[in-house]
Each structure stands twice: as C-alpha cells, then as structure tokens.
1. Can you say whether residue 90 is under 22 Å from residue 53 (Cβ atoms) and among the polar types (S, T, N, Q), as far as the supplied structure shows?
2. Among the residues of region 45-54, write down those that are free of Cβ contacts under 8 Å to residues at least 24 places away in the same chain and exposed (fewer than 13 other Cβ atoms within 10 Å of the Cβ).
3. Which numbered condition in (1) out of contact with any Lys or Arg (no Cβ under 8 Å at 6 or more places or on another chain); (2) open to solvent by 70 Å² or more (accessible area, probe 1.4 Å); (3) at pLDDT 50 or above is the only one that residue 32 fails?
4. Tell me the residue from 124, 87, 117 that is among the small types (Gly, Ala, Ser) and under 15 Å from the mean Cα position of the chain (by Cα), please.
5. hydroxyl-bearing (Ser, Thr, Tyr) and closer than 18 Å to residue 57 by Cα: is that true of residue 79 in this structure?
Amino acid sequence: MKKFVTLSSVALAITVTCISCAGSKEIATSQLAFKGTPTFSSIYKDTIVFTSDDIKSFNGTTGELSFSDTKTNTKIKNYFVLQCYIGKDSLFSVNLTSDIMSYIVNDLVLNRNIKDGRLYLQDGYPSWINNSEAISLRTQNKEKRVISWNKFIKELKKEGKYEE
C-alpha cells in the first residue's frame, strides 16, 4: 500500500509539473498582453483579457484591431479600461468606447463600431470631433505615448500581425 501511495504521489507531482511547464511556455510566447479589471468585479484585478496570440491583425492605417476568435470581441465588453503590457512593462492604457456613448475621451480608445462590431484603436472618442481644445489634448496625449506606441507596433510587426 505504501508503494502505491508513493507512486501515486510521484505521478501526481510529475503531472502537475508538466502542466505548469506547459502553461509557462504559452505565456512566454505571448509578449504582448492587455489586462483589465472587469466592470462586474474588482476581485479579478489585472485579468488578462487578450494577448498577441489572440490578435489576428492590426491595421496601422485604419486602426482596426481584429482577433482570431470572435469571442474576444464579446469578452472585451466587460471592461472599461485595458492596460497594455510587453512582458512586465506597462506601455499604455486604452479606454473602451462604442458609437452610442455620449461623452468625450481625449486619449487612446478601443472603439466598437456598432454597425459591424469591429474594433478600432483611435486617439480619442468621438473620432470626428472638431474642437480645437480636444484636438490639442489628443495630440499631447499621443505625443506622451509615442515611445510605448512604437514598442507596441514593433512587437506586432515582429509577430507578423501588423498591416498597413
């Protein structure tokens, strides 16, 4: 009986170790991660919402961010703000908006187009605003994140997910 318990314990320890190693490899392959706190609970602070493994492509001209799995679009709805990381380095935060919101954001947003459900990274919301003060704030905020934005783009290019 002792041999059985010992062998079972060893088998369990090996299984747990293998599963842990497999999980570490998955995290290591994805340098880019977006984390957030769900709107429904602050218990899950810094939850990984998606990683670069989930990103299908990013169009640098239109700002469209598309995902391999459409479930990611649905999951994003549960957050107000996401924080972008490369490894442990925080790059920037992004506010989540949609075309039906009635307020102005003068910083980076991930906007959901209500008509087609597509997501766009934009320098502010609404994108069509023509107020000189808002335009000035957006320009200043864009300049503040230029270094981190370039790191973000460089990582996407390295992973073959950047389109022009």
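1. For residue 90, the condition - under 22 Å from residue 53 (Cβ atoms) and among the polar types (S, T, N, Q) - is met.
2. 45
3. Only one criterion is unmet by residue 32, namely (2).
4. 87
5. No.
The values are calculated or read from the model by the stated rules, or taken from the named source; none is laboratory data. Just so it is clear, the model here is predicted, and its values are computed rather than measured. All Cβ positions, even for glycine, are placed from backbone atoms using ideal geometry, and neighbour counts span all protein chains on display. Note: areas computed on protein heavy atoms with side chains; ligands, DNA, RNA excluded. Shrake-Rupley method; radii C 1.70, N 1.55, O 1.52, S 1.80 Å.
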